[in-house]
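I have placed the structure first, in the form of structure tokens, so that the comments after it can refer back to it.
The values are calculated or read from the model by the stated rules, or taken from the named source; none is laboratory data. Given the structure is predicted, the values throughout are model-derived calculations rather than measurements. Quick reminder, even Gly has a Cβ in these numbers, built from the backbone with ideal geometry, and neighbours come from all protein chains shown.
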Amino acid sequence: MHIQLVRHATLRVGYNGHILLVDPMLSQAGEMPATVNTPNQRPNPGVELPMSVEEVLDGVNAILITHTHMDHLDEAAVRQLPKHVPLFCQPPDREKLKNHGFEQVIVVEDDYEWEGIHFDRTGGRHGTGEIGEKMGPVSGFVLKARDGNEPTLYLTGDTIWCEEVEHALKSHQPDVVVPFAGAAQFLVGDPITMTKEDIVQLAQAAGNSQIFVAHMEVWNHCLLSRSELVEYVRANDLSDRIQIPQNGEKIEYQR
């Protein structure tokens, strides 16, 4: 298995002979407005793609959408994604994705198997209190190879550290976890994605899992920097297990 961080939550995952594209956001830098009521009002995304759109899409034969906020599926992606490939999603997003023209929208209610890959959908909390409610439903996904030749992969989706994440770790015992970090925050309320403290707590709860951190330094309300996270991880003696990749970086994982 390999995971390539394209940018933000957009990942290319090589798994069981397939290339899965996760949460594609393909806009050019500054093409979209800033998320309102946030401390940083620069346009989104804050950086360019590290490769061409053609390279992002090369060889992709499945798409996985954790949820449809525009930093996980933007208009540029809707225009340019192949419409004929299987697209896996959470139940609330079915009609929206069909209306975008995707021809094979596959809803993962609880679990689903495709081409030797078993998908389990997990829960999460996209923030706390009223803000968390307004952010709507989000999901994580666990991927397991039917023949056991690939590491078990857990993509948390947009969530803070919570009981649902802890339950997923205990239930699935993933070899690799991809938390969506960045400590995204509005002018009021708590963070709506994982903070540096959440990442360390996740790593401590995840046993010997390797951690591949995504969702950083791209969207205007993601306030946690890579450098700050690196220092915090080092202070907690977890540098050997927590990888904080740069945009475009690819990491290989073995079973």
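For this structure, a couple of remarks:
This table checks each residue for (1) assigned to a helix (DSSP H, G or I); (2) acidic (Asp, Glu); (3) surrounded by 15 or more Cβ atoms within 10 Å (Cβ to Cβ).
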position: 130; (1), (2), (3): yes, yes, no
position: 144; (1), (2), (3): no, no, yes
position: 149; (1), (2), (3): no, no, no
position: 154; (1), (2), (3): no, no, yes
position: 183; (1), (2), (3): no, no, yes
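- Long-range neighbours under 7 Å by Cβ, at least six apart or interchain, first residue surrounded by 14 or more Cβ atoms within 10 Å (Cβ to Cβ) within the stretch 241-255, second at pLDDT 95 or above and of a type in the set (Phe, Trp, Tyr): 243/212; 245/212; 251/212
- Output for the stretch 190-214, where each listed residue is under 25 Å from residue 1 (Cβ atoms), at pLDDT 95 or above and either assigned to a helix (DSSP H, G or I) or small (Gly, Ala, Ser) (or both): 198, 199, 200, 201, 202, 203, 204, 205, 206, 209, 214
Here's the yes/no breakdown for (1) modelled with pLDDT of 95 or more; (2) among the small types (Gly, Ala, Ser); (3) assigned to a loop (DSSP other than H, G, I, E, B):
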{"site": "188", "(1), (2), (3)": "no, no, yes"}
{"site": "216", "(1), (2), (3)": "yes, no, yes"}
{"site": "229", "(1), (2), (3)": "yes, no, no"}
{"site": "245", "(1), (2), (3)": "yes, no, yes"}
{"site": "255", "(1), (2), (3)": "no, no, yes"}
